[in-house]
């Protein structure tokens, strides 16, 4: 059985054949299963955003392929168009892409382009609105009259209304305060569970991806440096730092404790930290 999504030997160059030629992706390959939550991390210019845009057909590769349920998304125009509905992409600061007269029309834009009837569009708009914690009363309001956090939620709702099987988010919590960040992450996780959707989230917040992701894909110099569970990736903390990446604060703390001679291993979540400290004192995390 074919993987839900498979990236095979994907290569992308910009300004090919000129003095400004730059390789954005270099022979990248990986697979995704339905229902996974994948965190994507990497320094600026590592290829993260270029990779995301390939997965829903916004960019066509120079070589290699993207297969969705075993079918090349560039097989024909119809397949490419359908892919853009099945794979939803939320850009960084998506609120800057709002343009309709009302919140309702903005959220309905994607479903309408899918050719759905009015009743189905209405269902999707209201379900997506609820999924991101917005009140129905805001549907008649201009999106430009909303707060920054509300605009972000409207923009995400517009993608959720297409009910994508794979939801890709590029820094969805950028610029938000801690409370706003937790709300957005909660809405994303809620959508994943409700629709059994696959999530790919690009983030510079190591704490967020460490806590939420089943897998981490680490991009470095247009290639995949690591593709593994968070606990395996963060065991390579020194290498991540050399790549110019941050690591979770707790991981840094426990690395320092180990340097000081304490018998601990690196952790990356609060739960792991509590368990490790309780073990040091000979107690239980439940005590």
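The values are calculated or read from the model by the stated rules, or taken from the named source; none is laboratory data. Predicted, not measured: the structure shown is a model, and the values here were computed from it. Here the Cβ positions follow ideal geometry from the backbone for every residue, glycine too, while neighbour counts run over all protein chains shown.
Consider residue 164 carefully, then state whether it is at pLDDT below 95, assigned by TED's automatic domain parsing to the domain that holds residue 37 and not in a helix (DSSP H, G or I).
no
Kindly provide the set of residues from segment 117-128 that are buried (at least 18 other Cβ atoms within 10 Å of the Cβ) and more than 20 Å from the chain's Cα centre (by Cα), ordered by number.
The answer is 121, 124, 125.
Kindly list the number of the only condition in (1) in contact (Cβ under 8 Å) with a residue 40 or more places away in the chain; (2) touching a strand residue (DSSP E or B) at 6+ places or on another chain (Cβ under 9 Å); (3) at negative phi that fails for residue 73.
Here residue 73 meets the rest and fails (1).
Could you tell me how many of the residues in segment 5-24 are touching a residue at least 12 places away in the same chain (Cβ under 8 Å) and either out of contact with any strand residue (DSSP E or B) (no Cβ under 7 Å at 6 or more places or on another chain) or more than 20 Å from residue 48 (Cβ to Cβ) (or both)?
Here the count works out to 1.
Table: residues versus (1) part of a loop (DSSP other than H, G, I, E, B); (2) buried (at least 20 other Cβ atoms within 10 Å of the Cβ); (3) not assigned by TED's automatic domain parsing to the domain that holds residue 34.
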| residue | (1), (2), (3) |
| --- | --- |
| 92 | yes, no, no |
| 105 | no, no, no |
| 130 | no, no, no |
| 158 | no, yes, no |
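Return the residue satisfying two criteria in turn: it lies in segment 139-150 and is under 25 Å from residue 115 (Cα atoms) and crowded, with 18+ Cβ neighbours inside 10 Å, and of such residues it is nearest to the chain's Cα centre (by Cα).
Ranking the candidates gives 143 first.
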